[in-house]
Amino acid sequence: MPKLHVKMKDIPKQDRPRERLVEFGASHLSNQELIAILIGSGTRKESVQELASRIYSHFEGVELLREATLEELVTIKGIGMVKAVGILAAIELGNRINRFKMPERYVIRSPQDGADFVMEDLRLQKQENFICLFLNTKNQIIHRQTLFIGSLNSSIVHPREVFREAVKRSAASIICVHNHRATRS
């Protein structure tokens, strides 16, 4: 008896991997569903989900898949160069994210620490600059942004610009800094 091939369009939307990821988040998907999203499509005889399950079985799970080579992937029926490269790129990105370490962050313990952090950049500026330092709960700088560069002797910034960035960065506190340009007559 021939195997029945189910196409993605025949699967209810709520059961499709992409739609499930959008609705529930990536953490709610199985490893096979994540692989299915990566490879994007199946073959004429096999759905993307079936192909993803076969890849997963071939490597006996994600541990051996992590060590997959291009040559090994393209030997799997239904996996060509494009799909193999996509899988390898995703594996490498996952490895890099796993190895990523946050650099040591500058800690603000006093107003002088804040001034020292920006002084070298600001002292040579010919225009007024308005800079915000966004801090976490340990008073470490998590982001520095120049919000406005003004004219020779003025700088105008709206509070919403400061707070928008603070909320975006989940900052616990903010230090606003600006330079004064001395004018000569």
Kindly indicate which of Glu71, Glu60 is within 14 Å of Ala84 (Cα to Cα), surrounded by fewer than 18 Cβ atoms within 10 Å (Cβ to Cβ) and either modelled with pLDDT of 90 or more or touching an Asp or Glu at 6+ places or on another chain (Cβ under 6 Å) (or both). Glu71
Qualifying positions in region 55-66 - assigned to a loop (DSSP other than H, G, I, E, B) and within 23 Å of the chain's Cα centre (by Cα): Arg66
Determine whether region 148-164 contains at least one residue that is at pLDDT 80 or above and small (Gly, Ala, Ser). no
Give region 6-39 a look and list any residue that's under 22 Å from Gly80 (Cα atoms) and modelled with pLDDT of 90 or more, or say none. Asn31, Gln32, Glu33, Leu34, Ile35, Ala36, Ile37, Leu38, Ile39
Hey, among the residues in region 99-114 that are among the hydrophobic types (A, V, I, L, M, F, W, C) and modelled with pLDDT under 90, which one's nearest to Arg164 (Cα to Cα)? Met102
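The values are calculated or read from the model by the stated rules, or taken from the named source; none is laboratory data. Note that the structure is predicted; figures quoted are calculated from it, not measured. Using ideal geometry, Cβ is built from the backbone for each residue, glycine included, and neighbour counts are taken over all protein chains shown.
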